[in-house]
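Single-structure report; data block below.
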Amino acid sequence: MQITLKRTNSGDKDFKVLVTQLDKDLRDRNGDVMDLYDEHNVIEEIETVVIGYLDSIPVACGCFKKYDANTAEVKRMYVAAQARGKGLSFEILTELEQWASALNYKYLILETGNKQIEAHGLYKKANYKQIPAYGVYRGLPDSVCFKKELKPSAL
């Protein structure tokens, strides 16, 4: 089993396929509550996408976008069902953190759903702290938000 990561952008065909799978997975888990969240999951042009490959097959992704001058927001974290439990989500998240730090962001924030228990475990393992809902997620009952202070980049 060989895991490789690729930095790319939101135009990458593998990213588009994985995001389609993610949207289906979220709809299957959360049902109609996704109607409230779909508008916040639209990925415009993003230059900071990481795709994870397992034996050359695209099975995981994540990206981030600028939130404010010091903060980037992690978006569209996903690992396909057949690749879960192999550490891909942690590797994707670590790569995103390193990239954001190299771009001089001081913090990463993110939102996940209250039913994505495995995601909560990932973010806690990676030293993210739960915070009050921010921005567009304020008042959305199923949102759970996290934040992490990044270490300055050695680059």
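Rule-based calculations on the coordinates, nothing more; no lab input. Bear in mind that the values here come from a model prediction, so they are computed numbers and not experimental data. In this analysis, Cβ positions are derived from the backbone assuming ideal geometry, glycine residues included, and neighbour counts consider all displayed protein chains.
FRET efficiency for the pair residue 56 and residue 117, taken as 1/(1 + (r/R0)^6) with r the Cβ-Cβ distance and R0 = 41 Å, rounds to 0.85. The alpha carbon gyration tensor of the chain gives principal lengths a ≥ b ≥ c with a/c below 1.5, which makes the shape rounded. Across the chain, the longest piece that holds none of the trypsin sites (Lys or Arg not before Pro) lying in DSSP loops with up to 13 other C-beta atoms within 10 Å covers 1-83. What longest range of the chain stays clear of loop-exposed GluC sites (Glu not before Pro) (DSSP non-H/G/I/E/B, at most 14 other C-beta within 10 angstrom)? Segment 48-155 is the longest. Computing FRET efficiency as 1/(1 + (r/R0)^6) for residue 6 and residue 69, where r is the C-beta to C-beta distance and R0 is 30 Å, gives about 0.60.
Distances between placed amide hydrogens fall under 5 Å for residue 131 paired with 145, 146, 147, all partners being 5 or more residues away or on another chain. Ranked for footprinting exposure by Cβ neighbours inside 10 Å, fewest first, 123, 107 give 107, 123.
Stretch residue 104-residue 129 to full length: gain in nm at 0.36 nm per residue minus the Cα-Cα span? Before the final figure, lay out the partial values.
Details: separation 25, 0.36 × 25 = 9.00 nm, distance 2.02 nm.
Additional length available on full extension: 7.0 nm.
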